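Working notes, beginning with the structure itself.
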Amino acid sequence: MSNSQKPKNRPFRPKTGAPAPGGKIRGTSAGGPPRGRGRGSAEASRGDQDEGARQPRSNASAIGLGDTGGRGNWRARKAQSGAAAYGLPTSGDALPTSATPEREQRRPQGRDAAYTEPQRLHKVLAAAGLGSRREIEEWIVAGRISVNGEPADVGQKVGPGDRVRVNGKLMPIRFQPRVPRVLLYHKPEGEIVSRDDPEGRPTVFDRLPMLRKGRWIAVGRLDFNTSGLLLFVNDGDLANRLMHPRYELDREYAVRLLGELDEVQKQALLDGIELDDGPARFNTLLDAGGEGVNHWYRVSLSEGRNREVRRMFEALGLTVSRLMRVRYGPISLPTRLKRGMWEDMPEEDVCALAGLPKPIRAPGPRKPPRSTPRRTPPKG
């Protein structure tokens, strides 16, 4: 048997403070002072008191709290009814205007978050640092929270135009417009800009990433045999802003012709040519050089009618052997974006394009922007 396992022969010392049979105090010897654990004769004398007069303390009183109403006595509060247990009004008719409870004042304020769409009330207030979601739900039931002057309901959502008050105090809840998503896609030749094609030809939507909410809207169109920059957005207002003629956004194309333009033809294209659906003209026309019978030009126009660029050259007896869109409004086709690949426009650029304020970044780490070109395999 090891030393640690050997029994220790210690003399028995009974506890002091309780009367022992025969009238002696436990832990005393005849003619000697009481033998206790560091307690003197004054403490030992208190042991002579009636044991029935000493009441056992509860857990709450043992840690310095009262048996009722203590901060740690959650069982007593739970036994009481609803809002009265927390000293809150039991009717939701009148909202108290007193100061914020001590528990709210001690709670640190959370991040000043900004929301882009309506959110549940208890989630917004919990994110502001006023309390936990369960506590805030209890405040809603107790009638402490109002929305636009009316008592709030559990599960209610609030938006940019709602005024939320807690104990009569207005809460600053910030909402900002939702930033749409803009996709840059390098369309190759041989794809149609349509979701349904009776001929079953490949469509550009087969290569786009999936959206959790909403759907992709093509900004303008490109012919089946035309390549280049094609924009997709998930917001109808932004799509209308980019396509409506009143905004007069330039579309720039790189055009390869079989042959060259003379000065008369160049001037005619700049002045305007009458087509079947009305006059059409180029805003700019620049010579980009070329070799052999093929010659390149850079042209721009503010309309997007069907096959408009090809029909303008065909009106002069010239054949377009290749057509590629290189710019749409302020957005140019990135050189790193190869055919059949797409990439997201940075959020700051999207805000500038849509006329929205720059997004407010919450403190802490954030996800890096998706600026790397990607390729989605065709469906089916």
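The values are calculated or read from the model by the stated rules, or taken from the named source; none is laboratory data. This is a predicted model, so every value here is computed, not measured. For neighbour counting, all protein chains shown are included, and Cβ atoms are generated from backbone atoms with ideal geometry for every residue, glycine included. These area figures cover heavy atoms from the full protein model, side chains too; ligands, DNA and RNA do not enter into them. Shrake-Rupley method; radii C 1.70, N 1.55, O 1.52, S 1.80 Å.
What ranking do 305-311, 207-213 get when scored by the average of other Cβ atoms within 10 Å per residue, highest first?
Numbers: 305-311: 15.7, 207-213: 11.4.
Going by the mean number of other Cβ atoms within 10 Å, highest first, we get 305-311, 207-213.
Considering all projection directions equally, how large on average is the shadow of the alpha-carbon convex hull of region 121-178, in square nanometres? Each step should come with its number before you reach the end.
Values: hull surface 14.9 nm².
If I average the Cα hull's projected area over directions, I get 3.7 nm².
Given 173, 183, 204, which one lies farthest toward the positive end of the charge dipole of region 160-206, if we put +1 on the Cβ of every Lys and Arg and -1 on the Cβ of every Asp and Glu?
Highest projection toward the positive end goes to 173.
Find how many whole Å separate the alpha carbon centroid of region 279-326 from the alpha carbon centroid of region 153-181.
52 Å
For region 249-322, which whole percent of the accessible surface, found with a 1.4 angstrom probe, sits on carbon and sulfur atoms?
Within region 249-322, the accessible surface is 46 percent carbon and sulfur.
So, R0 is 56 Å and r is the distance between the beta-carbons of residue 163 and residue 336; what FRET efficiency does that work out to, to 0.05?
FRET efficiency, residue 163 to residue 336: 0.70.
Within region 184-230, report the GluC sites (Glu not before Pro) that DSSP leaves as loop and that have at most 15 other Cβ atoms within 10 Å.
Filter output for region 184-230: 189, 199.
Which parts of region 160-186 would a label at residue 237 reach, counting a residue when its backbone N lies under 11 Å from a point 7 Å out along Cα-to-Cβ?
177-180
Relative to the Cα centre, what is the charge dipole magnitude of region 127-197, using +1 at the beta carbon of each Lys and Arg, -1 at the beta carbon of each Asp and Glu, and rounding to the nearest 20 debye? Spell out each step's value before the answer.
Numbers: 12 positive and 10 negative charges, 98 e Å.
About 460 debye.
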